[in-house]
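Just below is one structure, and these are the notes that go with it.
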Amino acid sequence: MKSPLEMNFLIVDDMDNMRRSIRAMLRLIHFGKEFFEAANGRDAMKLVEKDKIAIDFIISDYKMPYMNGTELLYRLRGNRNYRDIPFLMITAEANQEVVAEAAEHDVDAYMTKPFVTASLEQKIRELLYQADHPSPLTLHMKNSRELEEKGDIDGAMDEAKKAAAINPNSSRPLRELGRLFVKKGDFKNALLCFQRAVELNRLDVTSYHYLGQIYYRAGDVTRATEHFSTAMDISPRHSDRAINFSKLLLKQNKLKEAEKVLKLVLKNNTDDIDLKEDIAEACSTNGLYELASKVYREILRDDPERFYLKKNLGVNLHREGDNGEAVKVLEEALGKLGEDIEIMLELANIYMELKMPMRADKWATRVIRADPQNQDAKAILSKIG
């Protein structure tokens with residue numbers, strides 16, 4: 001490990017004054033050869049991935065737009081080129097959610113704001129010492145990971161068992177061992193590992209998530225839902241976990257519960273347009289038309305270039321019974337998208353419901369001109385007579 005004087009530091013925080021303050025502290029203690037900055041995890045990841053930049057140490061805020069600190073850490077830990085970069089998390093408060101996410105993604109350490117230069121120096125030195133003098137548990141877990149990547153699952157499991165034996169009060173080796181059992185298709189032993197992991201650590205979100213998956217696979221939907229719900233209560237920010245949970249609820253036809261979960265995801269991911277589009281589609285497919293319409297409106301407001309979603313919005317407005325607004329939106333969509341048969345059919349059906357046969361005839365006739373064999377349009381025209 002390099003001396004901190006020769007390291008390239010990446011400072012990640014959405015507050016410019018906080019980035020400047022940390023940089024000034026590092027300079028005061030003569031840490032850092034070069035300094036790089038990013039306003040969020042997404043921009044930080046782009047910097048890390050640049051070929052001409054070698055990042056040696058990351059100091060990152062927890063709460064940021066686009067990609068928060070733990071999401072950045074998750075990306076780094078999942079890439080063998082960057083996963084060993086020392087990572088210091090900065091938080092406004094070390095609440096349950098922060099602690100759970102830090103443990104889940106193996107954050108090296110975290111500090112709470114505000115802090116002074118001496119505290120920052122001490123924490124950095126501690127992390128670098130840990131990197132140079134890893135514990136036996138850490139070494140076994142690293143060996144396990146490397147063996148797994150080489151395809152030696154049995155060897156990886158042996159190393160995870162050794163790590164568990166060294167520290168029987170840690171949930172991490174058991175969590176990894178359970179994951180390896182899942183990979184081998186041994187769900188019985190995987191279940192035992194994850195159950196023991198949550199007994200040792202009630203904030204082990206990943207283990208609750210796996211327990212939910214195992215119970216769902218076994219057909220025990222009630223227990224699966226309980227474990228997914230526990231994971232959500234501990235750490236609601238994980239959008240993928242929450243969406244999987246909501247889909248489970250939708251399969252059970254628990255629409256109100258699923259809607260509640262999806263609203264929580266939206267609340268915690270206000271800037272993720274792609275995620276919003278996925279949620280809107282899931283809502284639309286499963287009958288949550290009002291929420292789907294709300295989300296489609298938000299997307300179109302924030303990203304007008306996605307004008308193709310006006311079609312989806314119009315269809316959902318029709319499904320929820322707001323035919324007047326549906327007509328307006330669909331006609332706007334048609335102006336952008338051209339002779340879209342699905343939109344014209346939707347308009348014809350809406351005007352039939354509104355008992356406006358002449359307008360329904362207009363749109364059904366336009367469909368026939370574009371597709372002479374369209375049976376839906378022919379059925380509408382036959383009703384009109």
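The values are calculated or read from the model by the stated rules, or taken from the named source; none is laboratory data. None of the values given here were measured: they were computed from a predicted structure. Cβ coordinates were reconstructed from backbone atoms using ideal geometry, including for glycine residues, and neighbour counts include every protein chain displayed.
Structure notes:
- Candidates 312, 286, filtered to the one that is at pLDDT below 95, surrounded by 15 or more Cβ atoms within 10 Å (Cβ to Cβ) and either of a type outside the set (A, V, I, L, M) or under 27 Å from residue 251 (Cβ atoms) (or both): 286
- Hey, residue 222 surrounded by fewer than 23 Cβ atoms within 10 Å (Cβ to Cβ) and of a type in the set (Ser, Thr, Tyr) or not: yes
- Members of region 155-175 found to be of a type in the set (D, E, K, R) and modelled with pLDDT of 95 or more, listed by number: 158, 159, 161, 162
- Wholly within region 218-289, helices (runs of 4 or more DSSP H) carrying at least 3 residues that are of a type outside the set (Phe, Trp, Tyr) and under 30 Å from residue 186 (Cβ atoms): 221-234, 239-251
- Cβ pairs under 8 Å, 6+ apart, first in region 11-36 and exposed (fewer than 15 other Cβ atoms within 10 Å of the Cβ), second outside any strand (DSSP E or B) and of a type in the set (A, V, I, L, M): 16/39; 30/5; 33/5; 33/7
- Flag if residue 325 is farther than 30 Å from residue 66 by Cβ, in a loop (DSSP other than H, G, I, E, B), in contact with a helix residue (DSSP H, G or I) (Cβ under 9 Å, 6 or more places away or on another chain) and without any contact (Cβ under 8 Å) to a residue 60 or more places away in the chain: no
- Matching entry among 151, 155 (being in a helix (DSSP H, G or I) and not assigned by TED's automatic domain parsing to the domain that holds residue 91): 155
- Selection of region 39-86 for residues being over 20 Å from the mean Cα position of the chain (by Cα) and within 18 Å of residue 120 (Cβ to Cβ) yields 55, 56, 57, 58, 59, 85, 86.
- Single unsatisfied condition, residue 132 versus (1) loosely packed, with under 13 Cβ neighbours inside 10 Å; (2) without any contact (Cβ under 8 Å) to a residue 12 or more places away in the chain: (2)
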